Amino acid sequence: MATKYVYFFGDGKAEGKGDMKNLLGGKGANLAEMTSIGLPVPAGFTLTTDVCTEFYKNDRQYPAELKGQVDEKLRQVEKLMGKKFGDSKNPLLVSVRSGARASMPGMMDTVLNLGLNDKTVQGIIEQSGDLRFAYDSYRRFIQMYSNVVLEMDGDILEHILEQMKESRGVEEDTKLTAEDLKELVTLFKTKVKEEIGREFPDDPQEQLWGAIGAVFGSWMNPRAITYRKLNGIPAEWGTAVNVQSMVYGNMGDDCATGVAFTRNPSTGENVFFGEFLINAQGEDVVAGIRTPQPINKAGGDGTLPSMEEVMPECYGQLMKIQQILEKHYRDMQDIEFTIEKDKLYMLQTRGGKRTAKAAVKIAVDMVKEGLISEKEGVLRVEPEQLDQLLHPSLDPKAAKDVIAKGLPASPGAASGEVVFSADEAEEAAKIGLKVILVRVETSPEDIHGMHAAQGILTARGGMTSHAAVVARGMGKCCVAGCGDIKVDYKTQQFTAKGNVIKKGDVITLDGSTGEVMKGEVPTVQPELTGEFGILMGWVDKYRRLRVRTNADTPHDAKVARDFGAEGIGLCRTEHMFFEADRIMAVREMILAEDLEGRKRALSKILPMQKGDFLGLFREMKGLPVTIRLLDPPLHEFLPQSDEDIEELAGVMNVTAATLKHKVEFLHEFNPMLGHRGCRLGVTFPEIYDMQVQAIMEAACELVKDEGYQIVPEIMIPLVSEVRELAILRANAVRIADEVVGRYGVEVEYLIGTMIELPRAALTADAIAEEAEFFSFGTNDLTQTTYGLSRDDAGKFLPFYVEREIFPNDPFVAIDQAGVGQLVKVGCDKGRATRPNIKLGICGEHGGEPSSVIFCHQIGLDYVSCSPFRVPIARLAAAHAVLLEEQ
Ligand code: PEP
Ligand code: MG
């Protein structure tokens, strides 16, 4: 049987269904679904994503059957609409839109009014009786088609339009007369010919296939590729193309077009929310050229009349439809509609993009409303998205110099230096600068800059403009439609209420209020109660993996506990050695001539270390705490400047020259593979002895004097050979037992190791003889498995990721095929020797969702991550369980 490449929808019947997104794309599947459930959808058909895949497989050739199938469906649409494509009496006009599985800014989006030429325009005049409308549609078609299909710079024709408006002394397109528009059509066509060297295509069939080709072609344009990369969308998915009969929002004041969300996409509030424009076509709303009106009184500020007021009947109908859609899809929907002569048509529905705040509120509310289950509620929030919620907002007590106010398009607060182009934003971010991207409005071409910027400020555009929608998706703070500012790209500055802000000046945005402020305004941490607390309660009910934190100070430990950490999985004690009041003693210890000298220096550090551990244990209130003994290469602690060397020489009573010599001697060519980790412990046992003593004294003291229950976990880093661990374990046991005996209390302790070298993973069965727990140090394990320096990879790794040589940065998301397999081998071997061995991970991967899911799958007991990632890891751990159940 021939492959079916084209699916029809119209008049209550559709060949496709809502769950066919892979084949029909999101838009096509939902148009089919809306048609089937009886909503008013203009008839049309969808060319499948298979066509796109075949197209690229066969050197940009369509499958042979395609043409015949398109013709057949086009005839079906003609029949239903009682119109004919290309007819001069009663022509059918169509829209052509792309529609991938996931919504994809950056691709060719839409061509409207396709099928118009000098003959068919006569038919439109005859049918509509509206000369102005006919020519307005025609000139729009030429503009869109020449831009997106013929790839002419959109500004060229826009400029002619602007000139026309200027010469007629009008500000809005709607004020141009039929004659003006007719003249524009001629001017446009002449210009197109001049630009592309041939006539604007008149044949509707040629127009149709041109537009279809442009959609498929745009799947591989650089903007679409960038977007896919940022969002992890595989190139193999392909896009579908939707061809649909036109309905007109620009036929007069009883016509309109709009975009709406079934709930507020910024706050999640359960209020129908949207914008519309009278006498306009769909793209006018998205482009943000005219200021849209609110859909209802609740969503406006009273300055512009709402649809609820000016088109009450259509509003009532739309209200009902949005309720049907939300119940049907059981999720917040983002819908597009058009009103033609007081008749409402639905053009699109899809799951609405939302801020993290809204995602959490909507999930919790929908569970309460009985629309979805608790488990579904948990799956509705993406772990990575929570990051937005955990970030600071402006300190309400801070002074702020507000210079402008726009729309609160995407919440959060951000400060940075002003830049005016996406490229500049990207360049600046590369060298570590924080920038705010300021644009008149944004377009898909700006995605890379928006990604690089801390926040986005636009002068034009509403809550559904490109900037607003994209920023919300990215979780970036955005103030849109800020009419108070006048942006001048030429002079690289903007003005706002008498203030001149130049490129490089610092401003602050508040995406929750729409305020723009001069300079940097301090921020405060978020409150994690309310819906967030409820959701996290469910999360904790379903997850199996425990979540600990990597924390070295009582303050970090407190932050992490507030975020729900269930213990410390890694305390890096080297950070304690760097403290200003200790570094001298540490240096003395390292540079001491003999054991006696080292012991003298260590005895100065001991009470400080003990104080550190007392603080940590107290803060963690009996929760497990893993303390890692000193890891980094010694030379990191050494004095570098001459002054420092001289000062230390004075303290140590040696000459500066002797000291300098020693410093040079300790220098390493490859410190990551040098004298670090347990190798320090083996060669200078007194360092670890001191640390074990400090840990155990702190624990015993708290148990004895303050009634705590503490089981310290002492962790040895960078073990590659079990004998290293055997030696260090014996030393630690000796010291620990001595301390416990001295205090006369019962304190248990565990001794374990990090598995962070391939040899350790491969010999984990032997190592487990000496270890009561393993913690996978996947930072070093990634470094050593790939032979990829953690400190130097930044110079070439981005290139590898960009070229898709590596699917991800392996230091961010665990490389499941390689490093992950070593972790798995380590777990299996460890358990084979010691079935109840505790297994965790404390590399950066412990807070990255896909890695957390992997850790669940291979059966780790816990993950440990930085404090701010604790809620993300908790949610990912719950997702791991729930995805397994699906
Ligand atoms: C690791 O290597 O994964 C680890 C947690 O240790 P560090 O990052 O301190 O080397
Ligand atoms: Mg390490």
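The values are calculated or read from the model by the stated rules, or taken from the named source; none is laboratory data. If you're wondering where the values come from, they're calculated on a predicted model, not measured in any experiment. Positions of Cβ are generated from backbone atoms using ideal geometry, with glycine treated the same way; all protein chains shown enter the neighbour counts.
Look at the stretch 298-316 and say how many of its residues are buried (at least 17 other Cβ atoms within 10 Å of the Cβ) and not acidic (Asp, Glu).
Initially, the stretch 298-316 is screened for residues buried (at least 17 other Cβ atoms within 10 Å of the Cβ), giving 299-300, 306-308, 311, 314-315.
Cutting the leftovers down to not acidic (Asp, Glu) gives us 299-300, 306-307, 311, 314-315.
Residues meeting the conditions: 7.
Go through the stretch 351-380 and count every residue that is under 27 Å from ALA409 (Cβ atoms), β-branched (Val, Ile, Thr) and in a helix (DSSP H, G or I).
Selection size over the stretch 351-380: 3.
List, please: which pairs have Cβ atoms under 7 Å, are six or more places apart or on different chains, and start with a residue in the stretch 134-158 that is assigned by TED's automatic domain parsing to the domain that holds ASP173 and end with one that is part of a helix (DSSP H, G or I) and of a type in the set (Lys, Arg)?
Note: pairs meeting the criteria are TYR135/LYS182; ILE142/LYS189; ILE156/LYS191; LEU157/LYS191.
Test LEU23 against the stated conditions and say whether it is assigned to a helix (DSSP H, G or I) and more than 35 Å from the chain's Cα centre (by Cα).
Numbers: assigned to a helix (DSSP H, G or I): yes; more than 35 Å from the chain's Cα centre (by Cα): no.
It is false that LEU23 is assigned to a helix (DSSP H, G or I) and more than 35 Å from the chain's Cα centre (by Cα).
Looking only at the stretch 423-476, count how many residues are part of a loop (DSSP other than H, G, I, E, B), closer than 16 Å to VAL516 by Cα and in contact with a Phe, Trp or Tyr (Cβ under 9 Å, 6 or more places away or on another chain).
Selection size over the stretch 423-476: 2.
Within the stretch 828-886, which residues are small (Gly, Ala, Ser) and either more than 26 Å from the chain's Cα centre (by Cα) or within 14 Å of ligand 1 (Cβ to nearest atom) (or both)?
Here is the first cut: in the stretch 828-886, the ones small (Gly, Ala, Ser) are 830, 832, 840, 843, 846-847, 850-851, 859, 864, 866, 873, 876-878, 880.
If the condition is that a residue be small (Gly, Ala, Ser) and either more than 26 Å from the chain's Cα centre (by Cα) or within 14 Å of ligand 1 (Cβ to nearest atom) (or both), then GLY830, ALA832, GLY840, GLY843, GLY846, GLY847, SER851, GLY859, SER864, SER866 are the ones that fit.
Please state which of the following conditions ALA649 fails to meet, knowing it meets all the rest: (1) outside the structural domain of VAL547 (by TED's automatic domain parsing); (2) loosely packed, with under 14 Cβ neighbours inside 10 Å; (3) of a type outside the set (Ser, Thr, Tyr).
For ALA649, the exception is condition (2).
In contact (Cβ under 8 Å) with a residue 40 or more places away in the chain, of a type in the set (A, V, I, L, M) and more than 16 Å from ligand 1 (Cβ to nearest atom), is that true of VAL823? So that I can check it myself, show each step before the final result.
Numbers: in contact (Cβ under 8 Å) with a residue 40 or more places away in the chain: yes; of a type in the set (A, V, I, L, M): yes; more than 16 Å from ligand 1 (Cβ to nearest atom): no.
Criteria not met by VAL823.
For the stretch 138-181, enumerate the residues that are among the small types (Gly, Ala, Ser) and either closer than 25 Å to LEU93 by Cα or within 34 Å of the chain's Cα centre (by Cα) (or both).
Initially, the stretch 138-181 is screened for residues among the small types (Gly, Ala, Ser), giving 146, 154, 167, 169, 178.
Residues satisfying the conditions are SER146, GLY154, ALA178.
Tell me whether the stretch 798-817 contains one or more residues that are touching a helix residue (DSSP H, G or I) at 6+ places or on another chain (Cβ under 6 Å), touching a residue at least 60 places away in the same chain (Cβ under 8 Å), within 16 Å of ligand 2 (Cβ to nearest atom) and not basic (Lys, Arg).
no
Could you tell me whether the stretch 733-747 includes any residue that is within 15 Å of ligand 1 (Cβ to nearest atom), assigned by TED's automatic domain parsing to the domain that holds GLY843 and assigned to a helix (DSSP H, G or I)? Write out each step before concluding.
In the first step, residues of the stretch 733-747 are kept if they are within 15 Å of ligand 1 (Cβ to nearest atom); the result is none.
No, the stretch 733-747 contains no residue that is within 15 Å of ligand 1 (Cβ to nearest atom), assigned by TED's automatic domain parsing to the domain that holds GLY843 and assigned to a helix (DSSP H, G or I).
Could you please find all residues in the stretch 669-708 being outside any helix (DSSP H, G or I) and within 16 Å of ligand 2 (Cβ to nearest atom)? Can you show your working first?
Narrowing the stretch 669-708 to residues outside any helix (DSSP H, G or I): 669-670, 674-677, 684, 707-708.
Result: ASN670, GLY674, HIS675, ARG676, GLY677.
Among the helices (runs of 4 or more DSSP H) contained in the stretch 750-848, which hold 3 or more residues that are among the charged types (D, E, K, R) and either surrounded by 15 or more Cβ atoms within 10 Å (Cβ to Cβ) or in contact with a Pro (Cβ under 7 Å, 6 or more places away or on another chain) (or both)? Full working, then the answer.
On the way: elements: 758-762, 764-767, 778-786, 797-802, 819-833.
Correct list: 819-833.
Only one of GLU417, GLU426 is more than 30 Å from GLU884 (Cβ to Cβ) and either of a type in the set (Val, Ile, Thr) or in contact with a His (Cβ under 6 Å, 6 or more places away or on another chain) (or both); which? Walk me through how you get there before you give the answer.
On the way: GLU417 fails: either of a type in the set (Val, Ile, Thr) or in contact with a His (Cβ under 6 Å, 6 or more places away or on another chain) (or both).
Matching residue, one of GLU417, GLU426: GLU426.
Residues to consider are LEU634, LEU666; find the one that is out of contact with any Phe, Trp or Tyr (no Cβ under 8 Å at 6 or more places or on another chain), closer than 22 Å to ASP581 by Cβ and touching a residue at least 24 places away in the same chain (Cβ under 8 Å).
Details: LEU666 fails: closer than 22 Å to ASP581 by Cβ.
Criteria check complete, one pass: LEU634.
Conditions (1) touching a helix residue (DSSP H, G or I) at 6+ places or on another chain (Cβ under 7 Å); (2) buried (at least 20 other Cβ atoms within 10 Å of the Cβ); (3) under 21 Å from LEU157 (Cβ atoms); (4) modelled with pLDDT of 95 or more, marked per residue:
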residue	(1), (2), (3), (4)
PRO91	yes, yes, no, yes
VAL96	yes, yes, yes, yes
VAL111	yes, yes, yes, no
LYS119	no, no, no, yes
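TYR749 - would you say it is more than 16 Å from ligand 2 (Cβ to nearest atom) and over 13 Å from GLU772 (Cβ atoms)? Give the steps one after another, and end with the answer.
Working: more than 16 Å from ligand 2 (Cβ to nearest atom): yes; over 13 Å from GLU772 (Cβ atoms): no.
So TYR749 does not fit the description; no.
If I ask for residues that are in contact with a Leu (Cβ under 9 Å, 6 or more places away or on another chain) and not charged (D, E, K, R), which ones from the stretch 539-563 would you list?
VAL539, TYR542, LEU545, THR549, ASN550, ALA551, THR553, PRO554, ALA557, PHE563
Pairs, please: C-beta under 8 Å, at least 6 apart or cross-chain, first residue over 19 Å from PHE200 (Cα atoms) and in the stretch 93-120, second part of a loop (DSSP other than H, G, I, E, B) and of a type in the set (D, E, K, R)?
From residues that are over 19 Å from PHE200 (Cα atoms), the pairs are ARG97/ASP109; SER98/ASP109; SER103/LYS353.
If I go through the stretch 748-786 residue by residue, how many of them are of a type in the set (Gly, Ala, Ser) and away from ligand 1 (no atom under 15 Å from the Cβ)?
Step one: filter the stretch 748-786 for residues of a type in the set (Gly, Ala, Ser), giving 752, 760-761, 764, 766, 768, 771, 775, 777.
If we keep only those that are away from ligand 1 (no atom under 15 Å from the Cβ) too, we end up with 764, 766, 768, 771.
Total satisfying the criteria: 4.
Given the criterion in contact with a Pro (Cβ under 9 Å, 6 or more places away or on another chain) and more than 13 Å from ligand 1 (Cβ to nearest atom), identify the matching residue among ALA560, ALA551, ALA585. Break it down into steps so the answer makes sense when it comes.
Working: ALA551 fails: more than 13 Å from ligand 1 (Cβ to nearest atom); ALA585 fails: in contact with a Pro (Cβ under 9 Å, 6 or more places away or on another chain).
It is ALA560.
Is it the case that LEU788 is within 16 Å of ligand 2 (Cβ to nearest atom) and touching a strand residue (DSSP E or B) at 6+ places or on another chain (Cβ under 8 Å)?
Working: within 16 Å of ligand 2 (Cβ to nearest atom): yes; touching a strand residue (DSSP E or B) at 6+ places or on another chain (Cβ under 8 Å): no.
Here the answer is no, as LEU788 does not meet what is asked.
Looking for whichever is surrounded by 15 or more Cβ atoms within 10 Å (Cβ to Cβ), over 21 Å from ASN264 (Cβ atoms) and of a type in the set (A, V, I, L, M, F, W, C) here; the options are VAL360, VAL378, VAL364. Which one fits? Even if it seems obvious, please write down each step before you answer.
Details: VAL360 fails: over 21 Å from ASN264 (Cβ atoms); VAL364 fails: over 21 Å from ASN264 (Cβ atoms).
Step by step, each of VAL360, VAL378, VAL364 is checked, and only VAL378 is surrounded by 15 or more Cβ atoms within 10 Å (Cβ to Cβ), over 21 Å from ASN264 (Cβ atoms) and of a type in the set (A, V, I, L, M, F, W, C).
Restricting to the stretch 173-219, and then to whatever is acidic (Asp, Glu) and assigned to a loop (DSSP other than H, G, I, E, B), can you tell me which residue is farthest from THR239 (Cα to Cα)? If you could, list the steps in order and put the result at the bottom.
Of all residues in the stretch 173-219, those acidic (Asp, Glu) come to 173, 179-180, 183, 194-195, 199, 202-203, 206.
Checking which are assigned to a loop (DSSP other than H, G, I, E, B) leaves us with 199, 202-203.
On the way: GLU199: 29, ASP202: 27, ASP203: 25 Å.
Selected residue: GLU199.
Which helices (runs of 4 or more DSSP H) does the stretch 232-350 wholly contain that include 1 or more residues that are closer than 21 Å to LEU24 by Cβ, of a type in the set (Gly, Ala, Ser) and touching a residue at least 60 places away in the same chain (Cβ under 8 Å)?
Output list reads 282-287.
Cβ-Cβ under 9 Å, sequence separation 6+ or interchain: first residue in the stretch 59-70 and without any contact (Cβ under 8 Å) to a residue 24 or more places away in the chain, partner of a type in the set (Ser, Thr, Tyr) and crowded, with 19+ Cβ neighbours inside 10 Å. Which pairs?
TYR62/TYR5
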